């Protein structure tokens, strides 16, 4: 009989290996479409790891929001734009050593930060959703709308303001362009645009060439 913990550990290492390999493919593949598809595989593997960690809501949100919406938009833009790969990859070999050094420094800082935090972090208790006997999504929704309702609403308000600000910044009035006015379109009456003319019906004359 297979041990469940051992099976979950094997699945974790498998999904982690696929995630790392797909992430490397994002930055190494020459074809932009293949790189985007590799990023989609990275998101799917990460969602599987979150499922193993009993974070169902985060896994579903990652697939629905990023894979289902954001990555589809990225793929559509990449396929529609005529991107010249030669200009994009100019200077890649020249700046490769600098990029490797910066990446190693960032990796060392992250490992040091994680190590320091792990030494001072208290031992976490069991999963609160498991203790409550509910799913992770139900427990998270109950916590958001009871204990953390005010921060949740403030975050939603900030995101709404950001969307409105982005639309306001991109809205530019240019000369010589036509814009729609909703008030004028609603106030238009059919009698002002359409005139019905009554005419007497006339039978067309028969074609003399086709008559026997």
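The values are calculated or read from the model by the stated rules, or taken from the named source; none is laboratory data. This structure is a prediction, so every number in the text was calculated from the model and none was measured. Backbone-built Cβ (ideal geometry, glycine too); neighbour counts: all protein chains shown.
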* Asked: helices (runs of 4 or more DSSP H) wholly in the stretch 123-202 with at least 3 residues that are within 30 Å of residue 52 (Cβ to Cβ) and free of Cβ contacts under 8 Å to residues at least 40 places away in the same chain - which ones?
  -> 128-132, 136-144, 149-170
* To do: Check whether at least one residue in the stretch 116-123 is surrounded by 10 or more Cβ atoms within 10 Å (Cβ to Cβ), at pLDDT below 70 and within 30 Å of residue 62 (Cβ to Cβ), and report yes or no.
  => yes
* Asked: Does the stretch 23-33 contain any residue that is more than 14 Å from the chain's Cα centre (by Cα), within 24 Å of residue 141 (Cβ to Cβ) and at pLDDT below 85?
  -> no
